Amino acid sequence: MNKKIISAIFASLISLNLISPSVAKADGMGVLNTQTIIQKSSLYSALRNAEQEIQKLDESLKKDLMDRQTKLQQAMQQKKSKEELEKLYKQYKGELDKKEGEARKSLESKQKNLIKMRDSLKVKVEAAVKEIATQKKLSYVVDKQAMFYGGIDITNDVLAKIK
C-alpha cells in the first residue's frame with residue numbers, strides 16, 4: 001500500500017477517534033499549523049502589499065475616470081462643438097485605456113511573482129518538514145486542523161528553517 005494512502009487513512013482514523021492519541025504519539029505523529037506558516041511568511045506580507053496596491057490602482061483609475069467625466073460635462077456646459085467634444089472624449093478614453101493597460105500589466109506581474117513566492121514557500125516548507133520529521137523520528141506529519149488531539153507540533157521548527 002502506498003505510504004501516502006496509509007498516512008491519510010491513519011490521520012482520518014485519528015480524527016474520527018478510532019485510534020487513540022497515544023498510538024499516534026507512539027508512531028511519531030507530527031502536526032503542522034500551515035495557517036501560521038503562511039501568516040508568518042514573506043508570502044503573506046507580499047499578498048497584503050499586493051492587495052493594498054491593487055486597491056490604490058483601482059481608486060486611482062476611478063478618480064481619473066471621474067475627473068475625465070467632470071471635464072467632459074464642463075465642456076458640454078461651455079457649449080463646445082460636437083467635434084471638440086468628440087475629440088476630448090477620444091483623448092480621455094485613450095488616456096484611460098493606456099492607464100488601465102499599464103495597471104493590468106502591473107497586476108499580472110504581481111500575480112506571477114506571488115505564484116513564484118507561493119511555489120518557493122511550498123518547496124521550502126516540504127523540505128523543512130521532511131528534515132524535522134526525520135530528526136524527530138516522526139512517521140507522519142499532518143495539518144494541525146486535521147487533528148483533534150495529540151501529535152508533536154513542529155510549526156515553530158519549520159518556521160525557523162524556512163526563514
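The values are calculated or read from the model by the stated rules, or taken from the named source; none is laboratory data. Note that this is a predicted model, so its numbers are computed, not measured. Every residue, glycine as well, gets a Cβ built from its backbone with ideal geometry; the counts of neighbours run over all protein chains shown.
Regarding Glu131, is this residue among the acidic types (Asp, Glu) and more than 30 Å from Asp64 (Cα to Cα)? When the stated conditions are applied, Glu131 passes them.
Each residue in the range 146-163 was checked for being assigned to a helix (DSSP H, G or I) and either over 14 Å from Gln39 (Cβ atoms) or of a type in the set (A, V, I, L, M, F, W, C) (or both), and 7 of them qualify.
If the condition is being under 35 Å from the mean Cα position of the chain (by Cα) and of a type in the set (D, E, K, R), then the range 55-77 contributes Lys56, Asp58, Glu59, Lys62, Lys63, Asp64, Asp67, Arg68.
The numbered conditions (1) touching a helix residue (DSSP H, G or I) at 6+ places or on another chain (Cβ under 8 Å); (2) surrounded by 16 or more Cβ atoms within 10 Å (Cβ to Cβ); (3) not acidic (Asp, Glu) are all true for Lys161 except (2).
Being touching a Leu at 6+ places or on another chain (Cβ under 9 Å) and over 23 Å from Gln39 (Cα atoms) is the requirement here; does Leu121 meet it? Taking the combined requirement at face value, the residue does not satisfy it. Selection of the range 106-119 for residues being without any contact (Cβ under 8 Å) to a residue 24 or more places away in the chain and either surrounded by 14 or more Cβ atoms within 10 Å (Cβ to Cβ) or of a type in the set (Ser, Thr, Tyr) (or both) yields only Ser109. Listed by position, the helices (runs of 4 or more DSSP H) inside the range 1-98 whose residues that are over 20 Å from Thr155 (Cβ atoms) and either at pLDDT below 80 or of a type outside the set (Phe, Trp, Tyr) (or both) number at least 1 are 3-15, 21-26, 42-77. Taking the range 121-142 as the range and being surrounded by 13 or more Cβ atoms within 10 Å (Cβ to Cβ), touching a residue at least 40 places away in the same chain (Cβ under 8 Å) and not aromatic (Phe, Trp, Tyr) as the test, the residues that pass are Leu121, Val125, Val129, Ile132, Ala133, Lys136, Leu138, Ser139, Val141, Val142.
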